[in-house]
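Right, one structure below, let's go through it.
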Amino acid sequence: MNKTSFVQNLVLATVCALLTPAYAQTPQPKAAPKPAQTDWAAALQMSEAQRANFPLPLIGELETIKAAALSDDYAYRQLAHLTENIGPRPSGSPQAKAAAEYVAAEMRKLGLEVQMEEVKVPHWVRGAETGELVEYPGQVPGAAQKIVLTALGNSTSTPGEGITADLVVVNNFDELKALGRDGVAGKIVLYNELFDKQKAAAGMAFVSYGDSVRYRGAGPKAAADLGAVGALIRSVGSADFRLPHTGYSTPAGIPAGAVAAEDAELMAHLAAQGKVRMRLTLTPQKLPDTTGYNVIADVKGSEHPEQVVVVSGHLDSWDLGTGAIDDGAGVVVAMEAAEILEKLHLRPKRTLRVIAWMDEETGGAGSKAYSQDHASEFANHVAAIESDAGAAHPLGFDVRMSPQAVELLRPALGVLQSFGANAVQPSPYPPGADIAAMSEAGVPALGVLQDGRTYFHYHHSAADTLDKVVPGELRENAAAMAVMGYALASMKDPLPR
Ligand SMILES: [Zn+2]
């Protein structure tokens, strides 16, 4: 195509995009979102392959989707219902089941084809949880020091009256190993590994998390292997409000908990001065596995319905808060990606599949079941997106795909540039736990990359609640998900692998 005819097409296409008849006839409850001005200069700089995959009418549709998402409160309303009306949604709980039924009903309301796919999920429930130091250097007779703590997932139970044992504090696995069985057996171990708040504040929160979360995952088992009777970790979190943060821990056969960072400091200081004894009461229960559901809702593709683009988040949450940032937000922005298309009467070429995953937090039963049941379709899974890093302002995407695929997506990223969600961060790892199996099978994978500076203030704590979600930022996340999902589902060729 020569330049003159390209410019003519561009003008025509822009006009067409502005006058898409279905959209023009759609009854609009509020002021119709205005398509933003197409960036002609950027459009003219597209490569041949980009231009072929993102013809101007498609760019116009993406701009329209973005504008609609940036003025839509659908995702926020859904999040309010999931977190406040339904509440915490731990795997195996009645709330998790109710949430799955709710999401399925909402997707049916939009006219999507909905399946609730059964998954066998674990069911662990929290009990009493208290801790106190009952003996320590300088103790005032009769006094005790309260320790703020919470049980970790998979913790076993102490007797109702708790256990009382000597405390041993280590900073890392090497120190635990150096103590050996003689130094650990019969004791309660505290891992006082610091969450690196500076890194988090500088935008590297997931690096801090990765460093610390190893102790939550493997610490209790390592302590149990040396004969410990209980294991505690310093909470994996970045706030200073004496909040304990729960999370998954490998079954260790002993009571396991997380103490607030402030209490970990206290325990470490006192243990450095002399003998410390602690009473620990944790009475969670592991109930029989039960049935959960992945909700799978399809906007069927108009040309290649068998080709699938997944937009997703996980519906289960921890029990302390109401799972607003982790990960109600991810589910509702995926739901909104479908809602926007229905509202605008836009039909993608490929199937846009909304998935609300079950059991990300306690073992990933939902994603495992999906990858078993749908493995034969993965060759036709064109791409998968998950949002599971909160609801703060989106910066772009973590991606695990070929550089050629990233290049081809530039025009879609260009649409997101106006609100800063166009960054691409290549990742050697799957950019989402629930889409990991797909990513390992070669499906191009994207994770919405949010500003993570405050995410670990609240993550897995009682403070993960709706008020932490800024409506305008949630809209930006919905726009990022909807634009990228529709782009992947409507570009000319499936994304190269
Ligand atoms: Zn999550």
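Where a number appears in this text, it was derived from the coordinates with a stated rule and is not lab data. Every value quoted in this text rests on a predicted model; they were computed, and no experiment measured them. In this analysis, Cβ positions are derived from the backbone assuming ideal geometry, glycine residues included, and neighbour counts consider all displayed protein chains.
Using R₀ = 25 Å, calculate the FRET efficiency as 1/(1 + (r/R₀)^6) where r is the Cβ-Cβ separation of residue 161 and residue 125; round to 0.05.
In this case the efficiency is close to 0.80.
Give me the dipole magnitude in Debye, nearest 20, for the chain about the Cα centre, with unit charges on the beta carbon: positive for Lys and Arg, negative for Asp and Glu.
In debye, rounded to 20, the chain gives about 420.
Among residues other than residue 424 whose Cβ falls under 12 Å from its Cβ, what is the net charge (Lys/Arg +1, Asp/Glu -1)?
Residues near residue 424 contribute 0 overall.
Give me the distance between the Cα centres of region 49-116 and region 473-497, rounded to whole Å.
Going from one Cα centre to the other spans 13 Å.
Given the Cα-Cα distance of residue 303 and residue 85 and 0.36 nm per residue of separation, how much length would full extension add, in nm?
Additional length available on full extension: 74.6 nm.
Check every DSSP H run in the chain and write down those whose alpha carbon atoms cover 27 angstrom or more along the long axis and whose mean Kyte-Doolittle hydropathy is 0.0 or greater.
Once both thresholds are applied, what remains is 471-490.
How much net charge surrounds residue 336 when only the other residues with a Cβ under 11 Å from the Cβ of residue 336 are counted, with Lys and Arg +1 and Asp and Glu -1?
-2
Give the span of region 299-425's Cα atoms along each principal axis, as three whole-Å numbers ordered largest to smallest.
That gives 41, 36, 33 Å along the principal axes, largest extent first.
Of 343/492; 66/109; 177/368; 199/286; 221/468; 146/197, which sit over 27 Å apart, Cα to Cα?
Checking Cα-Cα distances, 177/368; 199/286; 221/468 exceed 27 Å.
How high is the FRET efficiency from residue 178 to residue 289, r the C-beta distance, R0 41 Å, rounded to 0.05?
After rounding, the FRET efficiency stands at 0.60.
Roughly speaking, what is the centre-to-centre gap between region 299-344 and region 372-445 when only Cα atoms are used, to the nearest Å?
14 Å
Hey, rough spin-label estimate for residue 404 and residue 134, points 7 angstrom out along Cα→Cβ, what's it come to in nanometres?
Using points 7 Å along Cα→Cβ, the separation is 6.7 nm.
Return the long-range amide H neighbours of residue 190 (sequence gap of 5 or more, or a different chain), with a cut-off of under 5 Å between placed amide H atoms.
Here 168, 169, 170, 232 satisfy the definition.
Sequence-distant or interchain residues sharing an amide H contact under 5 Å with residue 292, placed H: which?
119, 120, 121
Which stretch or stretches of region 407-439 have amide N atoms under 18 Å from the point lying 7 Å from residue 492's Cα along the Cα→Cβ direction?
Residues passing the 18 Å test: 407-413.
How big is the equivalent ellipsoid of region 45-89 along its three axes, where each semi-axis is √(5λ) from the Cα gyration tensor, reported in whole Å from largest to smallest?
Semi-axes, largest first: 37, 12, 6 Å.
Could you grab the Rg to Rh ratio for region 162-229? Cα atoms only, Kirkwood for Rh.
Rounded to two decimals, Rg/Rh equals 1.07.
Give a residue-ordered list of calculated ³J(HN,Hα) values for region 125-132 (Karplus: 6.51 cos²θ - 1.76 cosθ + 1.60, θ = phi - 60°; whole Hz; x for Gly, Pro).
10, 6, x, 5, 8, 9, x, 8
If Lys and Arg each add +1 and Asp and Glu each add -1, what is the summed charge of the other residues whose beta carbon sits under 9 Å from the beta carbon of residue 249?
That sum, taken over residues with Cβ under 9 Å, equals +2.
Among 378-387, 153-162, how do they line up by average Cβ neighbours within 10 Å per residue, starting with the highest?
Result, highest mean first: 378-387, 153-162.
Any idea what diffusion coefficient the chain gets from Stokes-Einstein, in µm²/s, Kirkwood Rh on alpha carbon pairs, 4 °C, 1.567 mPa s?
In µm²/s, the coefficient is 54.
Pull up the cross-link candidates among the aspartates and glutamates for residue 300, meaning alpha carbon to alpha carbon under 12 Å and not fewer than 8 places away within one chain.
Within the straight-line limit of under 12 Å, residue 300 reaches these aspartates and glutamates: 113, 342.
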